[in-house]
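For reference, the structure is listed below as structure tokens.
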Amino acid sequence: MKADSMMTRFGAAFLVALFALLPAGWAAAEIPAEDRCSVCHAEEEDGEVDVGQFHAVDVHARAGLSCVDCHGGDSTTDDEDAAMDEDAGFVGAPGALDTPEFCGRCHADPEYMRTFNPAIPVDQLSQYLSSGHGLRNREGDPRVATCADCHGVHEMRAPSEPKSRVHPQRIASTCGECHSDAKLMDRYALPADQVELYEGSVHGRLVVEGKDLSAPTCNDCHGDHGALPPNVASIHAICGNCHVFNRDLYASSVKRSIFEDIEEHGCVTCHGNHGVQTTGDFCIGLAEGAFCVECHEDDGSDESEKILSMRALLDTLNHAVEETHGLIEEAEQKGMYVTDLEFLWNDVRQKQFHARTGIHMFDPDSLGVLVSDGLALADSVRAGGTESLEEFRFRRKGLLIATLLITVLGISLSFRIRSLDE
């Protein structure tokens, strides 16, 4: 009985493993017998439709839709003319200019979409028509992207699927099919290096190398179907969807009105757009490589003095952070209890983070308050670390004295025992 039970479990495990190895969508790949469109197109050697892929992976096929739901016609006949008869509603493949409306017949119909998933938005068409792509499409430009260019044609996958053309890790390459084409972008006086810059940016590295799907990609900043470049007044709000504290500080700073008056793009003015890199304290100051030198010089002006003052404040707090961390490490190496000090030091680090974020106020006085809070906590850590080291030294002296006393006592006893033996 025990052996039979083991064999049963083994057999079940084998079947689970076998099904796990089958291709994704295998069960959905079967072509319905009444779908004569798929049968004929599958027989075409050079057909544009990969029927097997459509039935295996396409979201429409998975939802139970077939060729006629999009293209019309009669899928029950083997007669090609009858199957593609306009009287049967056949519309065929739409051209680039007609694709948005073609897809919108369903995706802009709330009643129809609700029968599949009430959560699916139905404003994609109206958003698209307001986008840079849509506006040019309505003007008769067939080169701009439409639904099929981004989502694919007969192999459309859900955005959550890693192989989807609009999965977060693939969006940049999908957009890049057009936006990295220098010849095409030249027609619209647009640069063709956005994708290259993005892939080398801190955001791009997080998405591609770090597999961090919360990091932004093209549509997070430009929008999905209503894609347009952000304008001057909205840049900080868009970046602030992730960088909340920075947004709020910048929005209340004097720099916001200054940048908007001269039509500079807020966050982008200092950080760039597609090629945003990791920041650090080096960004603040008037030395080479600092952001501030793009607009300011070390000329003794009030603005340059403010910049130098902010950098000095940061350096002071940074020094305190490093010094107190060194004290804690030294005390720990000497075997002292430092857990409470480590918790307090983490609070100092948090104040350091707040101070670095506080740069976006562009105000030395406000930054000084944040730095002072951090320095006060650092003083407490320094006092605790110093006390631990003094206690260690006290213990070491006590141990030395005790060792000497024991040694003297031992020598005395040795002499006493020897005298008794004599």
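The values are calculated or read from the model by the stated rules, or taken from the named source; none is laboratory data. In this text the structure is predicted, and so the values were computed from the model without any measurement. Every residue, glycine among them, receives a Cβ derived from its backbone with ideal geometry; neighbour counts consider all protein chains shown. Accessible surface is based on the protein model in full, side chains and every heavy atom, while ligands, DNA and RNA are left aside. Shrake-Rupley method; radii C 1.70, N 1.55, O 1.52, S 1.80 Å.
Numerical summary
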{"quantity": "Tally of residues being over 22 Å from Ile171 (Cα atoms) and either open to solvent by less than 60 Å² (accessible area, probe 1.4 Å) or in contact (Cβ under 8 Å) with a residue 24 or more places away in the chain (or both) across the range 258-270", "calculated": "9"}
{"quantity": "Among the residues listed as Ala237, Ala172, the single one being surrounded by fewer than 18 Cβ atoms within 10 Å (Cβ to Cβ) and of a type outside the set (Ser, Thr, Tyr)", "calculated": "Ala237"}
{"quantity": "Qualifying residue in the range 129-147 (condition: free of Cβ contacts under 8 Å to residues at least 24 places away in the same chain and small (Gly, Ala, Ser))", "calculated": "no"}
{"quantity": "Residue list for the range 286-309, restricted to those being more than 22 Å from His243 (Cα to Cα) and small (Gly, Ala, Ser)", "calculated": "Ala287, Gly289, Gly300, Ser301, Ser304, Ser309"}
{"quantity": "Index of the failed condition, Tyr198 passing every other in (1) open to solvent by less than 40 Å² (accessible area, probe 1.4 Å); (2) over 16 Å from the mean Cα position of the chain (by Cα)", "calculated": "(2)"}
{"quantity": "Some residue of the range 51-65 being modelled with pLDDT of 85 or more and over 27 Å from Ser164 (Cα atoms)", "calculated": "no"}
{"quantity": "Members of the range 309-347 that are crowded, with 16+ Cβ neighbours inside 10 Å and free of Cβ contacts under 8 Å to residues at least 24 places away in the same chain", "calculated": "His325, Glu332"}
{"quantity": "Residue within the range 335-342 that is under 33 Å from the mean Cα position of the chain (by Cα) and either outside any helix (DSSP H, G or I) or within 23 Å of Ile284 (Cβ to Cβ) (or both) present", "calculated": "no"}
{"quantity": "Residue list for the range 383-392, filter: of a type in the set (S, T, N, Q) and either touching a residue at least 60 places away in the same chain (Cβ under 8 Å) or open to solvent by less than 20 Å² (accessible area, probe 1.4 Å) (or both)", "calculated": "Ser388"}
{"quantity": "Only one of Cys242, Cys150 that is open to solvent by 30 Å² or more (accessible area, probe 1.4 Å) and within 14 Å of the chain's Cα centre (by Cα)", "calculated": "Cys242"}
{"quantity": "Subset of the range 352-382 (residues that are farther than 22 Å from Cys292 by Cβ and loosely packed, with under 13 Cβ neighbours inside 10 Å)", "calculated": "Ala376"}
{"quantity": "Condition met for Asp248 (in contact (Cβ under 8 Å) with a residue 12 or more places away in the chain, open to solvent by 70 Å² or more (accessible area, probe 1.4 Å), in a helix (DSSP H, G or I) and of a type in the set (Asp, Glu))", "calculated": "no"}
{"quantity": "Failed item, numbered, when His274 is tested on (1) free of Cβ contacts under 8 Å to residues at least 24 places away in the same chain; (2) farther than 18 Å from Phe362 by Cβ; (3) open to solvent by less than 60 Å² (accessible area, probe 1.4 Å)", "calculated": "(1)"}
{"quantity": "Verdict on Cys221 being assigned to a helix (DSSP H, G or I), of a type outside the set (Asp, Glu), open to solvent by 50 Å² or more (accessible area, probe 1.4 Å) and closer than 30 Å to Phe116 by Cα", "calculated": "yes"}
{"quantity": "Near pairs, Cβ below 6 angstrom, 6+ apart or cross-chain, from the range 78-101 (at positive phi) to any residue that is in a helix (DSSP H, G or I) and open to solvent by 50 Å² or more (accessible area, probe 1.4 Å)", "calculated": "none"}
{"quantity": "Those residues of the range 282-308 which are over 22 Å from Phe353 (Cα atoms) and open to solvent by less than 60 Å² (accessible area, probe 1.4 Å), in sequence order", "calculated": "Val293, His296, Gly300, Ser301, Ser304"}
{"quantity": "Condition check for Asp212: among the charged types (D, E, K, R), at pLDDT below 95, touching a Cys at 6+ places or on another chain (Cβ under 9 Å) and under 20 Å from His271 (Cβ atoms)", "calculated": "no"}
{"quantity": "Unmet criterion (only one of (1) over 30 Å from Ala182 (Cβ atoms); (2) assigned to a helix (DSSP H, G or I); (3) touching a helix residue (DSSP H, G or I) at 6+ places or on another chain (Cβ under 7 Å)) for Asp87", "calculated": "(3)"}
{"quantity": "Meets criteria (assigned to a loop (DSSP other than H, G, I, E, B), in contact (Cβ under 8 Å) with a residue 60 or more places away in the chain and small (Gly, Ala, Ser)) for Gly285", "calculated": "no"}
{"quantity": "Residue in the range 51-62 that is part of a loop (DSSP other than H, G, I, E, B), open to solvent by 40 Å² or more (accessible area, probe 1.4 Å) and on the phi < 0 side of the Ramachandran plot present", "calculated": "no"}
